[in-house]
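Chemist: Questions regarding the structure given below will be posed in turn.
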Amino acid sequence: MCLLLRLGKLKEVWMGVDRAREIYRALVYELLNWRDAQRELKSLLKARYRQWGVLKLGGLKVFSKRLRQEYLEQLAGEEERRMLWRIYAQHDQAIAQWKETLKEVNRSGREFGEVREFQRIPGIGPMAAHSFSAIIEEPARFSNKHKLWKYAQLGITDRTSDNKPLGYQRLDRRGNRELKNLSYHAWRTACKSTTGPNVIKAFYQQSRQRTGSVRHARLNTQRKILETMWMMWLRCQAFDPKRFAQLQSAL
């Protein structure tokens, strides 16, 4: 321990003590696991169809309970169909468990007021609000926004040796990928062409004009979204669009 301290290798680790939040966090991660299970089974279904010569797979139709039979009938034999039916059964079970767990997440999350406030931000839906609240648990654990960004895999890092750079700056891969994912989906949802003017889109367009880079503007917007959610929670404030960006820039 003394050696680690002298080398500066001791890292502060935050541990929650609120039982209700620990249960809430576990439920949200269970929900995310069922989401991932659905994705894996969808990929497996399509891979099996292609393996056995069924190449025209029409989007989501292949997963539909009502329409999947027309794809199964294209398989050469009964054994192939039986195998696909087993994967379909797992897929349907994953969806059922996801829906059941979502009910528990909504029930458990009712006592946390920040979840409702987060959903006032354009692009932030129930899943993103629940995920941010459950993963962060306590906003005061971060002393500044840069530590939050680093935890969300949105911090910048580089490698040096003898004060000489060993490569280009890049995003730090350490941290929680779910926070990065939710900020990305919030940006994408708010900035859709079918979405009306909003402060997320305005901030993104302002950042794009300033940086001249789509990627940098997107990352700046993702960081701003997480920072705003964190500050709202930390200061017990409602979402203020005027503090986020000037809306007229998006018109």
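Read the figures in this text as sums done on the coordinates, not as results from a lab. All values reported here derive from a predicted model rather than from experimental measurement. Please note: Cβ atoms are built from the backbone with ideal geometry, for glycine as well, and neighbour counts cover all protein chains shown.
Chemist: I need Leu226, Leu41, Leu67, Leu3 ordered by Cβ neighbour count within 10 Å, fewest first. Please list the in-between numbers first.
Modeler: Working: Leu226 23, Leu41 20, Leu67 12, Leu3 8.
The most exposed by this proxy come first: Leu3, Leu67, Leu41, Leu226.
Chemist: Any chance you could run the full-extension gain for Lys56 through Tyr168? It's 0.36 nm times the residue separation minus the Cα-Cα distance, nm to one decimal.
Modeler: 36.1 nm
Chemist: Right, something else. Can you compute 3J(HN,Hα) from phi for each residue in the range 61-74, using the Karplus curve 6.51 cos²θ - 1.76 cosθ + 1.60 with θ = phi - 60°, rounded to whole Hz and x for Gly and Pro?
Modeler: Values per residue, Gly and Pro as x: 4, 5, 9, 5, 4, 7, 9, 5, 4, 5, 7, 4, 5, 7 Hz.
Chemist: Which of the three applies to the range 122-237, rounded, prolate or oblate, going by the alpha-carbon gyration tensor with a ≥ b ≥ c and a/c under 1.5 meaning rounded?
Modeler: The shape class here is oblate.
Chemist: Expressed in nm to one decimal, what extension gain is obtained for the pair Thr194 and Lys242 from 0.36 nm per residue of sequence separation less their Cα-Cα distance?
Modeler: Contour length minus the Cα-Cα distance gives 15.1 nm.
Chemist: Let me make sure I get this right: for the chain, a, b and c are the square roots of the gyration tensor eigenvalues over alpha carbons, sorted descending. Under 1.5 in a/c it's rounded, otherwise prolate if a/b > b/c, else oblate. Which is it?
Modeler: prolate
Chemist: Taking θ as phi - 60°, what are the ³J(HN,Hα) couplings along the range 229-235 by the Karplus curve (6.51, -1.76, 1.60), each to the nearest whole Hz, with x for Gly and Pro?
Modeler: The phi angles translate into 4, 5, 5, 4, 5, 4, 9 Hz.
Chemist: Which ³J(HN,Hα) values, rounded to whole Hz and listed in residue order, are derived for the range 194-207 from phi using the Karplus coefficients 6.51, -1.76 and 1.60 in 6.51 cos²θ - 1.76 cosθ + 1.60 with θ = phi - 60°, glycine and proline given as x?
Modeler: Once rounded to whole Hz, the list reads 7, 8, x, x, 7, 6, 5, 4, 4, 4, 4, 5, 5, 5.
Chemist: Further question on the same structure: For Ser207, Ser213, what ranking results if the residue with the fewest other Cβ atoms within 10 Å of its Cβ goes first?
Modeler: Ser213, Ser207
Chemist: Please arrange Thr211, Thr228, Thr221, Thr189 by how many other C-beta atoms lie within 10 Å of their C-beta, fewest to most. Walk me through the numbers before you get to the answer.
Modeler: Details: Thr211 13, Thr228 23, Thr221 29, Thr189 16.
Result, fewest neighbours first: Thr211, Thr189, Thr228, Thr221.
Chemist: Ok, one more. Among the lysines, which fall within straight-line cross-link reach of Lys56, defined as a Cα-Cα distance under 30 Å, with same-chain neighbours fewer than 8 residues apart omitted?
Modeler: The qualifying lysines are Lys42, Lys46, Lys65, Lys99, Lys192.
Chemist: How far apart, in nm, are two points set 7 Å out from the Cα along the Cα-to-Cβ line at Arg210 and at Ile23?
Modeler: In this crude spin-label approximation the distance works out to 4.4 nm.
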